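Engineer: Below is the structure I would like to discuss, written out as structure tokens.
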Amino acid sequence: MKNYTKQEIQNQLFGRVSRPSRYLGGELGTVSKDLESVEVSFALAFPDVYELGMSHIGLPMLYHAVNSLDWAVAERVYAPWPDMAAELRENDLRLTSLESQRPLAEFDLLGFTLQHELSYTNILAMLDLAGIPLRREQRDAQAPLVVVGGPCATNPEPLADFIDCAVVGDGEEAIVDLCRVVREAKQAGSSRAQVLEALAKIDGIYVPSLFDVVYHDDGRIAALKPLRNDYTKVQRRVLADLASVDYPVKPIVPFMNTVHNRVAVEIARGCTRGCRFCQAGYIGRPLRERSMEQIVDVLDRSLGYSGYDEVSLLSLSTGDYSCIGPLLKGLMDRYREERIAVSLPSLRVGSLTSDLMEEIKKVRKTGFTLAPEAGSERLRQLINKGISEDDLLVAADNAFSLGWRVIKLYFMIGLPTEQEVDLDAIVDLAARVKRVGKGTPGGADVNVSVSTLVPKPQTPFQWQRQIGIDETLAKQDTLRQKLRSKKLRLKWHEAQLSFVEGVFARGDRRLAPVLERALSLGCRFDSWREHFRFDLWQQAFEDCGIDPEWYLRERATDEILPWDHIDCGVSRQYLLNEWQQALSGTATVDCRDGGCTGCGVCDFETVRMRYATDHGEEAVIAVKPVIATSVVAAESLNDEEPCKVRLRVSKLGRGRFIGHLEFMTVVHRAVRRAGLPIRYSGGFHPAPQISFPDALPTGVESETEIIDLKLRQPVVVQELAAALNVQLPDGFAVEHVEVVPWKTPAPSLCIEETTYSLPLGEQAPADLAERIARFLAAEEVYATRLKKGREQQVEVRAWVAGLQWRDGVLLLKLSKGSPTLLAGYLLDMAPEKTGVLGLRKTEVRLSTPLSE
């Protein structure tokens, strides 16, 4: 029996799971350090799938902050998809980081970001896969310190028994302080208890073990009892000036297309609007804007490094950025020649001027989202939304008139004092929006989306009751029927998902056993509809003797709330005043232009509002000059003379686990980073003119992938190859380049025959030669493949130009078709397993051969 190395076992796993590129590591922009030479190691964990985590803007900031320290290293880990988690358990393998494949249990710190409450079972699952005891008191001195941060850290109480500490507030400076304390503790040989005591001295660090919770007989909290007289509350950490810390400009570029495939820059943090349901708006105060100069610098450097072709300007309300008009127009002018799109994902009705919408239209072609949140003026006043029906209709009219085809309207149900007339107002408003678009060039399609209000901690609605499942379903049904009568579509957030979210958003430490039980029952990826199992959650609550609806009840304003010892800066009295203002239907002005409302966050010296206009800069962004690269032939620098080149690219090692669409993405980005004068197609969505061969099965290596590039100018082929090889990640290399006639057919049309080799050695069946002979003698041979879970019979004999079994290597010569399906048939194994055996594409015969 062969003893497999760890790498060989991992390669076998990659051959059996979906999207293996999630687990490879080695992406452009990753940081690798010698783990033996650093003093502090920090594993940054995102408790959801890779493609979601890689789209999150906060983790790269923390990754950069730690790796900027000479004596510390940060590495990443994401929640493995259920198929990979099952493989890890079956093969007794531990969850590791991406960069070094180091087990998580060997890091000094393990930090999870808490973006939403439905990720909590994934956190426990990742601890379990890492071999780290779930409960804090069960861990020994060698276990990593478990840290959490992010929006849900404003009430981490349901996780209190599992974590060592939480970062409350902005993390860029706090994470450096964390690492410093751990470094000093290791040098001093401090105990775990001493480390926690030291961590409690850091601004913004909450140590749950330094508080006890006492309960009344009726279940309410009687006291949040601090165990130290000097540690009675935790003050949220605030990064006073965004410009005071470096912004990462070498983004990690994934092999796959993630949820947000672009360079993202946070142009502002915080919001002044004061929407009473919005937790992010309250825990992110005060508003702090980046200067236009810094934004442009970050984008220029990040685009040059990454090869992305889109940028995104992020904030809670991007349209409220004080220089948004000049910024957006300037960026679009600056990057127009490079065909880089600019997107604004968060826009508010009140900030949508006609000029701004004209600019947005240049990149947003099909859908436009408006969020009135409530259908009636009364409820919009109650939630302090600050927009009128007229504002909304004007924005919709502008959108339709400018050519948008679809408007999506976002509403909430379950708002305080909501009545049926307020639901009717949602229907009426949506119908009015649709009528506004009649006769416009883009048509008038309107989609309505509703979600259930989850009254979050640290907001004026934290005392409000959350409606239950039956009430939610009834409201959804009412809206569905009434909207259907108006020929409008409704999308909704599942009532059961909102129910569980609300329980843990408003919960306390007594929910820890429920999380453990839900994990043991199989709850994972609860925010994913296909994985959410409400029946298992119901069983977990019942098994633990917990009534979940008790957590959704209305809270008395003098009741001690589970999160009252965490101070996010906005005073409790201010929140209470806002709650009372809501019930009376009284608006609170925007402190950006209406004066200070006295929320308590600002000290007006260090912690204060900061605007882009504070820098006194002129709102002008220069057009970026186009710089010729060395690959262009000197005599063609000023000419537009089309040129076509053909590449032979190898795809080996970890590269074989990159799927075909991902391979195309890798090449596209490398071409952009190399600055090649690539031609683009015409039309509404111009694309680079790059042609690829037929898809190679994931897990199969290749020495000869044929790719054609159409260029604007002739090039020096040796320089082009060198430039691309600098930009391609490990596992990919340009082996040969030549200029071909402009009308040469695409690679998929030129390839007449492909040769694959499969080294079997002693693993070959004893009768393989006889199998080959029978196969070649047959007129037709049918193999079985799975497609979308169904078996299909495929005739494979017609593909085969030759088969040879020589010196322990099986050679397959195919005119078309899948080598894994053929090899699987001959070896009597699942096709996907043949790639693990070392199947490799070694040669292609072209109708227009490459000159070597």
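Engineer: Report those helices (runs of 4 or more DSSP H) wholly inside the stretch 309-394 carrying at least 1 residues which are surrounded by fewer than 22 Cβ atoms within 10 Å (Cβ to Cβ) and either of a type in the set (V, I, T) or at pLDDT below 90 (or both). Write out each step before concluding.
Structural biologist: Values: elements: 324-335, 354-361, 377-382.
Those helices (runs of 4 or more DSSP H) span 324-335, 354-361.
Engineer: Return only the number of the condition from (1) in contact with a Lys or Arg (Cβ under 8 Å, 6 or more places away or on another chain); (2) surrounded by 17 or more Cβ atoms within 10 Å (Cβ to Cβ); (3) not in a strand (DSSP E or B); (4) not small (G, A, S) that P765 does not satisfy.
Structural biologist: The single condition P765 does not satisfy is (2).
Engineer: If you don't mind, another one. Those residues that are assigned to a loop (DSSP other than H, G, I, E, B) and either within 21 Å of R572 (Cα to Cα) or of a type in the set (A, V, I, L, M, F, W, C) (or both), I need them from the stretch 204-243; list them, please.
Structural biologist: Selection gives G204, V207, R220, L227, D230, Y231, T232, K233, R236, V238, L239, A240.
Engineer: Next question. Out of the residues in the stretch 291-308 that are open to solvent by 10 Å² or more (accessible area, probe 1.4 Å) and over 20 Å from the mean Cα position of the chain (by Cα), state the one that is farthest from Y611 (Cα to Cα).
Structural biologist: G304
Engineer: Sticking with this one: Residues of the stretch 816-847 being touching a Ser or Thr at 6+ places or on another chain (Cβ under 8 Å), closer than 17 Å to P693 by Cβ and polar (S, T, N, Q), which ones?
Structural biologist: Across the stretch 816-847, the qualifying residues are T820, T842.
Engineer: With the requirement that a residue be among the charged types (D, E, K, R), under 41 Å from the mean Cα position of the chain (by Cα) and outside any strand (DSSP E or B), what does the stretch 786-832 give you?
Structural biologist: Listed by number, the residues that qualify are K788, K816, D828, E832.
Engineer: Let me ask something else. Looking at this structure, is A240 within 32 Å of the chain's Cα centre (by Cα), under 22 Å from L515 (Cβ atoms) and either of a type in the set (S, T, N, Q) or surrounded by 15 or more Cβ atoms within 10 Å (Cβ to Cβ) (or both)? Spell out how you get there, then give the answer.
Structural biologist: Values: within 32 Å of the chain's Cα centre (by Cα): yes; under 22 Å from L515 (Cβ atoms): no; either of a type in the set (S, T, N, Q) or surrounded by 15 or more Cβ atoms within 10 Å (Cβ to Cβ) (or both): yes.
No: the conditions fail for A240.
Engineer: Looking at (1) touching a residue at least 60 places away in the same chain (Cβ under 8 Å); (2) out of contact with any helix residue (DSSP H, G or I) (no Cβ under 8 Å at 6 or more places or on another chain); (3) open to solvent by less than 40 Å² (accessible area, probe 1.4 Å), find the lone condition where A746 falls short.
Structural biologist: (1)
Engineer: Give the stretch 453-469 a look and list any residue that's farther than 20 Å from N155 by Cα and touching a residue at least 40 places away in the same chain (Cβ under 8 Å), or say none. Give the derivation first.
Structural biologist: Step one: list which residues in the stretch 453-469 are farther than 20 Å from N155 by Cα, which gives 467-469.
Passing the criteria: I467, G468.
Engineer: Conditions first: (1) open to solvent by 60 Å² or more (accessible area, probe 1.4 Å); (2) closer than 22 Å to K833 by Cβ; (3) of a type outside the set (S, T, N, Q). L696 passes all but one, so which condition is the exception?
Structural biologist: Tallying (1) open to solvent by 60 Å² or more (accessible area, probe 1.4 Å); (2) closer than 22 Å to K833 by Cβ; (3) of a type outside the set (S, T, N, Q), L696 fails exactly one: (1).
Residue-by-condition table, conditions (1) of a type in the set (G, A, S); (2) farther than 16 Å from I658 by Cβ:
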{"position": "R679", "(1), (2)": "no, yes"}
{"position": "P686", "(1), (2)": "no, yes"}
{"position": "G699", "(1), (2)": "yes, no"}
{"position": "A722", "(1), (2)": "yes, yes"}
{"position": "G731", "(1), (2)": "yes, no"}
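Engineer: Same structure again: What pairs come out if I take residues in the stretch 493-508 that are farther than 13 Å from C152 by Cα and pair them with residues that are part of a helix (DSSP H, G or I) and of a type in the set (V, I, T) whose C-beta lies under 6 Å away, six or more apart or interchain?
Structural biologist: A495/I469; A495/T472; F499/I469
Engineer: Of all residues in the stretch 182-196, which are open to solvent by 70 Å² or more (accessible area, probe 1.4 Å), free of Cβ contacts under 8 Å to residues at least 12 places away in the same chain and either in contact with a strand residue (DSSP E or B) (Cβ under 9 Å, 6 or more places away or on another chain) or closer than 27 Å to R510 by Cα (or both)?
Structural biologist: Matches in the stretch 182-196: Q194 only.
Engineer: If the Cβ limit is 6 Å and pairs must be 6+ apart or interchain, which residue in the stretch 587-603 that is closer than 17 Å to V238 by Cα pairs with which residue that is outside any loop (DSSP other than H, G, I, E, B) and at pLDDT 90 or above?
Structural biologist: Going by the 6 Å Cβ cut-off, the qualifying pairs are C599/Y574; G600/Y574.
This table checks each residue for (1) within 30 Å of R785 (Cα to Cα); (2) assigned to a helix (DSSP H, G or I).
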site: E640; (1), (2): no, no
site: G655; (1), (2): yes, yes
site: P693; (1), (2): yes, no
site: G699; (1), (2): yes, no
site: E703; (1), (2): yes, no
site: T744; (1), (2): no, no
site: T754; (1), (2): yes, no
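Engineer: Out of K833, K816, K841, report the one residue that is in contact with a Phe, Trp or Tyr (Cβ under 6 Å, 6 or more places away or on another chain) and either at pLDDT below 90 or surrounded by fewer than 18 Cβ atoms within 10 Å (Cβ to Cβ) (or both).
Structural biologist: Numbers: K833 fails: in contact with a Phe, Trp or Tyr (Cβ under 6 Å, 6 or more places away or on another chain); K841 fails: either at pLDDT below 90 or surrounded by fewer than 18 Cβ atoms within 10 Å (Cβ to Cβ) (or both).
Selected residue: K816, the only one of K833, K816, K841 that is in contact with a Phe, Trp or Tyr (Cβ under 6 Å, 6 or more places away or on another chain) and either at pLDDT below 90 or surrounded by fewer than 18 Cβ atoms within 10 Å (Cβ to Cβ) (or both).
Engineer: Can you find a residue in the stretch 638-660 that is modelled with pLDDT under 90, over 28 Å from the mean Cα position of the chain (by Cα) and under 21 Å from Y335 (Cα atoms)?
Structural biologist: yes
Engineer: In the stretch 207-223, which residues are in contact (Cβ under 8 Å) with a residue 24 or more places away in the chain and in contact with a Leu (Cβ under 9 Å, 6 or more places away or on another chain)?
Structural biologist: V207, P208, S209, F211, V213, I221
Engineer: Considering only residues that are hydroxyl-bearing (S, T, Y), open to solvent by 10 Å² or more (accessible area, probe 1.4 Å) and in contact (Cβ under 8 Å) with a residue 24 or more places away in the chain, which ones fall in the stretch 87-132? Don't jump to the end; show me each part of the working.
Structural biologist: Here is the first cut: in the stretch 87-132, the ones hydroxyl-bearing (S, T, Y) are 96-97, 100, 113, 119-121.
Now narrow it down to the ones that are open to solvent by 10 Å² or more (accessible area, probe 1.4 Å): 96, 100, 113.
Within the stretch 87-132, S100, T113 qualify.
Engineer: Given the conditions (1) touching a residue at least 60 places away in the same chain (Cβ under 8 Å); (2) surrounded by fewer than 22 Cβ atoms within 10 Å (Cβ to Cβ), which single one is not true for E137?
Structural biologist: It fails just one condition, (1).
The values are calculated or read from the model by the stated rules, or taken from the named source; none is laboratory data. The model shown is predicted, which means the values in this text are computed figures rather than measured ones. Please note: Cβ atoms are built from the backbone with ideal geometry, for glycine as well, and neighbour counts cover all protein chains shown. In case anyone asks, the SASA skips ligands and DNA or RNA and just uses the protein heavy atoms, side chains included. Shrake-Rupley method; radii C 1.70, N 1.55, O 1.52, S 1.80 Å.
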